[in-house]
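Structure first, then comments.
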Amino acid sequence: MAELTDAEIDAALERGRMAQQTEPRADAVRYDRRNSRIIVDLTNGCTFAFPPRLAQGLETASEDELEAVELLGAGYGLHWEALDVDLSVPGLMAGLFGTKSYMARRAGQATSAAKAAAARENGRKGGRPRKQA
């Protein structure tokens, strides 16, 4: 393996300093029972909140379990020890509440008047068309 030069090390340290200043990081986190929300205070002074039922691993957690949240890795992650759940703060802010397969399943659970009407129309036609090989 090639040895790193002082310039490469300095550049890596600078990238780390820039990431700490620009990427979303949590300064504090708590569960708000009254509003049923996880509240994340960010290092830039902003606050982000989300309903725990959206997040993989938190869907059926009790309020006591939700309150036992901790910060990980300089504020880049949230951790629930008893639930064995870790969530990324940048990921949550990007709308990623779990793995790719979890998010795909959640997308199919969305309901709307248009989706219900389309399902009724497909039912009148005999259901979902068979996939062609």
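So that you can scan it fast, the table gives a plain yes or no per residue for (1) in a helix (DSSP H, G or I); (2) more than 18 Å from P24 (Cβ to Cβ); (3) hydrophobic (A, V, I, L, M, F, W, C):
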position: N44; (1), (2), (3): no, no, no
position: F48; (1), (2), (3): no, no, yes
position: L87; (1), (2), (3): no, no, yes
position: A104; (1), (2), (3): yes, yes, yes
position: G126; (1), (2), (3): no, yes, no
position: R130; (1), (2), (3): no, yes, no
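Sort through E65, E70 and tell me the only one that's more than 11 Å from the chain's Cα centre (by Cα), among the charged types (D, E, K, R) and part of a helix (DSSP H, G or I).
None of the others qualify; the one that does is E65.
Could you grab me the full set of residues in the range 116-129 that are at pLDDT 75 or above and charged (D, E, K, R)?
R120, E121, R124, K125
Got at least one residue in the range 47-63 being free of Cβ contacts under 8 Å to residues at least 12 places away in the same chain, closer than 29 Å to Q20 by Cβ and surrounded by 10 or more Cβ atoms within 10 Å (Cβ to Cβ)?
yes
What number goes with the only condition from (1) acidic (D, E); (2) under 17 Å from the mean Cα position of the chain (by Cα); (3) at pLDDT 95 or above that E59 does not pass?
(3)
The values are calculated or read from the model by the stated rules, or taken from the named source; none is laboratory data. Keep in mind that what you see is a predicted model, and the values were worked out from it rather than measured. Every residue, glycine as well, gets a Cβ built from its backbone with ideal geometry; the counts of neighbours run over all protein chains shown.
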